[in-house]
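Values quoted throughout were computed directly from the atomic coordinates according to the rules given, and no laboratory measurement underlies them. This is a predicted model, so every value here is computed, not measured. FYI the Cβ positions are ideal-geometry reconstructions off the backbone, even for glycines, and counts take in every protein chain you see.
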Amino acid sequence: MEIQIKEMPELRLASLRHVGPYNRISETFAKVGAIAGPAGLYQYPEAAMVAVYHDDPETTPPDALRSDAAVSVPKQAEMPKGLTEVRLPAGRYACATHIGPYTGLGDAWARFMGEWLPASGNRAGQGLGYEIYRNNPTNTAPGALRTELYLPLA
């Protein structure tokens, strides 16, 4: 697993909360898309689908896990009815890139947090981990899906 340390800018998101198993967030992404598409949010060059994770799946029951399905939007974009603004702070993040089906993301996070982080000499910082989906699953083969995993560093 290749990891890069990046200074990330603040991200402004148009978001919808998902409560339940993380692997079912796609249901909430469908709802986000049904609002964001007609609202014109995908017209912006910085528009990307983003998932934000609030809880540790090792210590939180699956039905209580909180996450946000979102699309990144610029400051000037109007927030459409039905979506909530969420801001992820700028800062220093470790970034791992996962190439392959979304079903492999849980294992990628486990290696990132359980192997790379302890061996790296870094510590997780305040804030939330998130994923940025760099291509579209409707027109990309599962094996070619590109997902960036971000972990805030202390």
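Annotations
- Listed by chain and number, the lysines whose C-alpha is less than 24 Å from the C-alpha of residue 6, apart from same-chain residues fewer than 8 away, are 75.
- Between residue 141 and residue 58, the modelled label-to-label distance comes to 3.5 nm, taking each label 7 Å out from Cα in the direction of the beta carbon.
- At q = 0.25 Å⁻¹ the log10 of I(q)/I(0) for the stretch 108-152 amounts to -0.91, computed by Debye summation with a single uniform scatterer per C-alpha, solvent ignored.
- For the stretch 48-147, the list of trypsin sites (Lys or Arg not before Pro) that fall in a loop by DSSP and count at most 13 other C-beta atoms within 10 angstrom reads 75, 81, 123.
- Charging the Cβ of each Asp and Glu at -1 and of each Lys and Arg at +1, and nothing else, the dipole of the chain about its Cα centre rounds to 300 debye.
- In the stretch 61-154, GluC sites (Glu not before Pro) in a DSSP loop with at most 12 other beta-carbon atoms within 10 Å: 78
- From the coordinates shown, Rg/Rh (Cα atoms, Kirkwood Rh) corresponds to which of (1) 0.94; (2) 1.04; (3) 1.00: (1)
- Using the Cβ-Cβ distance between residue 66 and residue 31 with R0 set to 22 Å, the FRET efficiency from 1/(1 + (r/R0)^6) comes to roughly 0.90.
- Entry note, the stretch 1-120: relative contact order of 42 percent, from Cα contacts under 8 Å with a spacing of 6+ residues.
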